[in-house]
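Novice: Got a structure for you, questions after.
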Amino acid sequence: MNIKVTVTNDVLKRIEKSFDNPNPFFSFLGERFLELTRQNILAGKQPNQRQFLHNNPITEKVKGGNRPLLDKTHLLKSLKYAFTKRGLILGTNLIYAAIQHWGGIIKAKKQFLTIPLMRKARQVGIGAGPKKFGGDKLNAGLFFWRSKKTKNCFLVKRIGTKKKPRLEFWYWLKKWVRIPPRAIFPKGNIKGYPKYVQCILDSIKFWLKI
């Protein structure tokens, strides 16, 4: 599911009436909006300038830092805009963007979701986990283990020596996970988003050379 958020504003409607052909200006404004959105994501901020909620401590440890939505540059590169009669539309076609934007619960399609507990486990498939236990060299030796105390389930490896064996925890197996909302785009009318309103005003001044 992709995201398509429509941004409307009375100023945009007046601008549209002021030009014989407003499309070049709206294209310019769309690019400015996308750049502002990219800057927000890079700064770890939502459109209302509130900080993104931090990653789970386990996720932060596995990823080696706390920069939500910035594992790779796929999201930044996927941002697009379009102008229609409904207004300026900002969006992305990335499948995971909607759950990040609105938040929600991801449930296992089959038995479990596999949550990496170490970097090398994450490198196998960026959170996708092993398709089969021991399906490749990195995953070789994994087996199912359930904690008697907490009842939590894991995929683990037996490491150490024969005299002192121990378990190495690779994946936490969960039925579901909750993703906190981290808004990527303004929601609805941009009057409540001062930076985007200022972007419109600055774009008008630049375009008209005021």
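Novice: What about Ala43, is it touching a strand residue (DSSP E or B) at 6+ places or on another chain (Cβ under 6 Å), surrounded by fewer than 16 Cβ atoms within 10 Å (Cβ to Cβ) and in the same structural domain as Lys191 (by TED's automatic domain parsing)?
Specialist: Spelling it out, it is not the case that Ala43 is touching a strand residue (DSSP E or B) at 6+ places or on another chain (Cβ under 6 Å), surrounded by fewer than 16 Cβ atoms within 10 Å (Cβ to Cβ) and in the same structural domain as Lys191 (by TED's automatic domain parsing).
Novice: Sticking with this one: Quick check on segment 192-200. Is at least one of its residues in a loop (DSSP other than H, G, I, E, B), under 29 Å from the mean Cα position of the chain (by Cα) and either among the β-branched types (Val, Ile, Thr) or in the same structural domain as Leu36 (by TED's automatic domain parsing) (or both)?
Specialist: yes
Novice: Which one of the conditions (1) surrounded by fewer than 17 Cβ atoms within 10 Å (Cβ to Cβ); (2) modelled with pLDDT of 85 or more; (3) of a type outside the set (D, E, K, R) does Gly141 fail to meet, given that it meets all the rest?
Specialist: So the condition that Gly141 fails would be (2).
Novice: In the set Val197, Val177, Val156, which member is surrounded by 11 or more Cβ atoms within 10 Å (Cβ to Cβ) and either closer than 18 Å to Thr59 by Cβ or at pLDDT 95 or above (or both)?
Specialist: Of the residues listed, the single one that is surrounded by 11 or more Cβ atoms within 10 Å (Cβ to Cβ) and either closer than 18 Å to Thr59 by Cβ or at pLDDT 95 or above (or both) is Val177.
Novice: Would you say Ile15 is modelled with pLDDT of 80 or more and either more than 12 Å from the chain's Cα centre (by Cα) or among the hydrophobic types (A, V, I, L, M, F, W, C) (or both)?
Specialist: The answer is no for Ile15.
Novice: Moving on. What number of residues within segment 22-39 satisfy the criterion of being part of a helix (DSSP H, G or I), without any contact (Cβ under 8 Å) to a residue 60 or more places away in the chain and in contact with a helix residue (DSSP H, G or I) (Cβ under 8 Å, 6 or more places away or on another chain)?
Specialist: 1
Novice: Looking only at strands (runs of 3 or more DSSP E) that fall completely inside segment 64-115, which ones have 3 or more residues that are assigned by TED's automatic domain parsing to the domain that holds Gln46 and crowded, with 18+ Cβ neighbours inside 10 Å?
Specialist: 87-92
Novice: Right, another one. Looking at segment 180-191 only, could you name the residues that are charged (D, E, K, R), modelled with pLDDT under 90 and either not in a helix (DSSP H, G or I) or not assigned by TED's automatic domain parsing to the domain that holds Pro68 (or both)?
Specialist: Lys187, the sole residue that qualifies.
Novice: Arg122 fails exactly one of the following numbered conditions: (1) of a type outside the set (Asp, Glu); (2) modelled with pLDDT of 90 or more; (3) surrounded by 18 or more Cβ atoms within 10 Å (Cβ to Cβ). What is the number of that condition?
Specialist: With respect to (1) of a type outside the set (Asp, Glu); (2) modelled with pLDDT of 90 or more; (3) surrounded by 18 or more Cβ atoms within 10 Å (Cβ to Cβ), Arg122 is out only on (2).
The values are calculated or read from the model by the stated rules, or taken from the named source; none is laboratory data. If you're wondering where the values come from, they're calculated on a predicted model, not measured in any experiment. No Cβ is skipped: glycine too gets one built from the backbone with ideal geometry, and neighbour counts run over all protein chains shown.
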